[in-house]
1. Nothing charged except the Cβ atoms of Lys and Arg (+1) and of Asp and Glu (-1): what's the magnitude of the dipole of the chain about its Cα centre? Round to the nearest 20 debye.
2. Report in % the part of the accessible area of the chain that belongs to carbon and sulfur, leaving out ligands and nucleic acids; probe 1.4 Å.
3. At 7 Å along Cα-to-Cβ for each site, give me the label-to-label distance between Leu46 and Met90 in nm.
4. Mind giving me the FRET efficiency for Ala53 and Ile13? R0 is 22 Å, r the Cβ-Cβ distance, nearest 0.05 is fine.
5. For the chain, what is the relative contact order in percent, using Cα pairs closer than 8 Å and at least 6 residues apart in sequence?
6. List the residues, sorted by chain then number, that are 5 or more residues from Glu25 or on another chain and whose placed amide H is less than 5 Å from its amide H.
7. Just order 60-69, 43-52 by mean Cβ neighbour count inside 10 Å, highest at the front, would you?
8. Per DSSP H run of n ≥ 4, the term is -39500 (n - 2.57); total these for the chain, divide by its residue number, and report the mean residue ellipticity at 222 nm rounded to 500 deg cm²/dmol.
Amino acid sequence: MSIAATIREKLMIALRPTRLDVINESHVHAGHRSSPGTGESHFRVLVMSPEFAGKSRVDRHRLVNDTLAAELKGRVHALAIQAYAPGEEMR
């Protein structure tokens with residue numbers, strides 16, 4: 001299973017999102033000194049979940065990071081997170 005698929009599956013189970021975009025941005029970082037060159041190291045996620053209602057931005061990011069802890073310790077070098085509760089304006 002690809003890292004993107006693993007990220008998607010774990011977030012779907014943990015956060016029951018109403019919207020989830022998982023974008024592999026590794027190609028943008030190809031050749032950079034810190035890039036491992038695997039093609040699956042840099043990701044951006046947009047998550048809209050009722051689990052985020054009433055939580056701060058930091059707490060939302062912690063939920064995502066905790067859910068993906070194994071991937072962040074392993075093959076994922078960078079993860080950009082946009083986390084919203086339903087009804088919030090996306091920026």
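The values are calculated or read from the model by the stated rules, or taken from the named source; none is laboratory data. Not measured: the values here are computed from a predicted model. In this analysis, Cβ positions are derived from the backbone assuming ideal geometry, glycine residues included, and neighbour counts consider all displayed protein chains. Surface areas here come from the heavy atoms of the whole protein model, side chains and all, with no ligands, DNA or RNA. Shrake-Rupley method; radii C 1.70, N 1.55, O 1.52, S 1.80 Å.
1. On the way: 13 positive and 10 negative charges, 29 e Å.
Rounded to the nearest 20 debye, it is 140 debye.
2. 51
3. Placing both labels 7 Å along Cα→Cβ, they lie 0.3 nm apart.
4. 0.75
5. Computed value for the chain: 32 percent relative contact order.
6. Those qualifying (amide H under 5 Å, at least 5 residues apart or on another chain) are His42, Phe43, Arg44.
7. Working: 60-69: 16.6, 43-52: 19.2.
Those peptides, ordered most packed to least, come out 43-52, 60-69.
8. Calculated mean residue ellipticity at 222 nm is -9000 deg cm²/dmol.
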